[in-house]
Amino acid sequence: MRQNSSSVEYAINYREIYQQRLLESDCEALSKSALGAARESTRPSELVEVWAMIGAKCAATPVSQELSNKYPVYSHLMELPLKDLMKSMALEETCRSWSGECEDFVLLLERLYQTADVQEQQLIISVLPLLKSPERFLYIATEAARTNIVPVFSALALNNPFPQEHFSENQWNQMVLKTIFVGCNIAQIVGLHERHNSALSETIFQYVRERHSAHRSVPSAVVELCERQLTESCQLQLNTIKPDLRKE
Amino acid sequence: MPYIDPHIHVSARTTDDYQRMHAAGIVAVVEPAFWLGQPRTSVGTFQDYFSSLIGWERFRASQFGIRHYCTIGLNSKEANNERLADEVMEILPLFLGKDGVVAIGEIGYDDQSDAEDKYFRLQIELGKKFEKPILVHTPHRAKKEGVLRSMDVLEEHEVPPHMAIIDHNNEETVREVLDRGYWTGFTIYPDTKMGKERMANVVQEYGSERIIVNSSADWGVSNPLSVPDCAAVMRERGIDEADIRKVTYQNAIDSYAASGQFNPADWEESFSFDQAELMEGNSVLRGQAPKSGSS
Ligand SMILES: [Zn+2]
């Protein structure tokens, strides 16, 4: 059960935040008609049309301070433009009311992802944990883990429970390493401690050594993570370089 | 002074170019979908190309402090492969309604073949459906005839002139295009065709109303700094700053603004970039010292 709680919690908060941001906007009628149209959509082109309508009509609305303070952990959902949140909820609506073959929805979403712009790829990744049987979308999440477009990668790696629940150990380790490489804050990875393993500690240790040789700095959170499951011999080596390691 | 290059195929340019463009004051670019120097043979390569225009290239430009927009369309050269052209027409609607897509284009004539005519007209109708401006590429051979024919077809399809940009003009075509009310684009080439000096002459003779300067820089011999370079020549000539600003910045905004997707606020206020936030191992920066700045 522990494994699932982050996804469940994420989904509840995601929906709540959407509802409350809607209340602060004057886009409730638009949301109603867009989600209605999404319910009827069975092809990528139809959902793309719904998205285009949302993009054209949903006005940018600032989030109130009060609402921001209410969900400190979900600040990234507050920063997302309302129209992107609405597009993601339309997608969720299509998924929930899907009556065709299960496999066909997966194909639809893959096609949508392949033809999406940067912001749309981000919102698809953000809403994955809300979709029914999210393990079906492992391929899309894996593509996001591979991308060079940092905002899309961050939508998966940071504040998103999907990788914790569905990534293999190797995928997980690669994602954490890439997060370190791109300079994102690893503290925002959901399940960082729960999924930690000794292989990852070893690899991070190699990284720390490389950075030390190149006289480059390492965030202290990365060193701490490295030390969580390090073998004794590696820990001894780390201790010798630690005093002159440049921390961030 | 800020500049916009409203027609440049930046996918074909290097990171050095992006750095020089940013340093020269270019704040935003529009990359029209075109061909890649040789014809594609499957619809999948078109799809990936369009995706890169709204994805990777948009991100790549942002790393250098430049806002990237694009136009989506089937170019005239590749319209001549009709079987493929039909398949491309089918996927265009997947892209035309996206954020940052400021027009349908560049479309029009190359050889002025029947197939080119067919897909030009189909795409004009598609542009009307999506309420997008139309970016018209005019042929390098039989230029004047091609320009006149393009405008005739637009009028046949009842496109209001403020919704179309007729591009790659020269001294022979400028009068007629301006008189008929269209946005009038000029491409500055390094050697032949239209050059900076001649462009300055055009502005001195015809003024700055509805005239737009671009580089159309691509994988061929071309200059991604054509717009700021041309502004410098106009300045030397003593052309009024207000006119220079119009032809190298403001008219580009006004022509694409009808798309609802080209908003100066995107680069004026909210867009500051910090390369330190970006990847070292996987970005185009690859371990270079990050720089900070705002555009
Ligand atoms: Zn071009």
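Plugging the Kirkwood radius over Cα pairs into Stokes-Einstein for the protein assembly as shown, at a temperature of 20 °C and a viscosity of 1.002 mPa s, what D comes out in µm²/s?
Rounded to a whole number, D works out at 85 µm²/s.
State which helices in chain B qualify, where a helix is a whole DSSP H run, it must extend 18 Å or more along its own axis by its Cα atoms, and its mean Kyte-Doolittle hydropathy must be at least 0.5.
Long hydrophobic helices here: B:82-96.
Across the range B:106-169, the volume of the C-alpha convex hull divided among the residues equals 70 Å³ per residue.
The gain in end-to-end length when the residue B:15 to residue B:90 segment is fully stretched comes to 23.7 nm, 0.36 nm per residue minus the alpha carbon separation. Protection proxy ranking for A:210-220, B:53-63, B:1-11, using the average of other Cβ atoms within 10 Å per residue and placing the highest first: B:1-11, B:53-63, A:210-220.
Short to long, the 5 Å bins of the Cα pair-distance histogram for chain B hold 1, 6, 13, 17, 19, 17, 13, 8, 4, 2, 0 percent of all pairs.
Relative to the longest principal axis of the Cα atoms of chain A, helix A:2-23 runs at roughly 50 degrees. Across peptide A:108-117, the mean count of Cβ atoms from other chains lying within 10 Å of each residue's own Cβ comes to 4. Simple spin-label estimate for residue B:237 and residue B:191 gives 2.3 nm between the two label positions (7 Å along the Cα-to-Cβ direction from each Cα). The angle separating the long axis of helix A:102-114 from the principal Cα axis of greatest extent in chain A is about 70 degrees. The alpha-carbon atoms of the range A:5-148 define a convex hull whose volume equals 109 cubic angstrom per residue.
Based on a Kirkwood Rh over C-alpha pairs, give the Stokes-Einstein translational diffusion coefficient of the range B:29-127 at 10 °C and viscosity 1.306 mPa s in µm²/s. In µm²/s, the coefficient rounds to 116.
Think of it as helices only: each DSSP H run of n ≥ 4 in chain A is worth -39500 (n - 2.57), and spread over all residues that comes to -20500 deg cm²/dmol at 222 nm.
For helix A:28-40, report the angle its Cα long axis makes with the longest principal axis of the Cα atoms of chain A; keep it between 0 and 90° and round to the nearest 10°. Approximately 90 degrees, to the nearest ten. When the label point is put 7 Å from the Cα of residue B:268 along its Cα-to-beta-carbon vector, which residues of the range B:198-238 have a backbone N closer than 15 Å? Zone members listed by number: none at all. Cross-link partners of residue A:178 among lysines, defined as those whose alpha carbon lies under 22 angstrom from its own and excluding same-chain residues fewer than eight positions apart: A:247, B:291.
As a ratio to 2.2 N^0.38 Å, the alpha-carbon radius of gyration for chain A is 1.13.
Since every read-out is calculated from the coordinates, none of them should be taken as a lab result. Just so you know, these numbers come straight off a predicted model, no measurement behind them. Glycine gets a Cβ as well: all are built from the backbone with ideal geometry, and neighbour counts include every protein chain shown.
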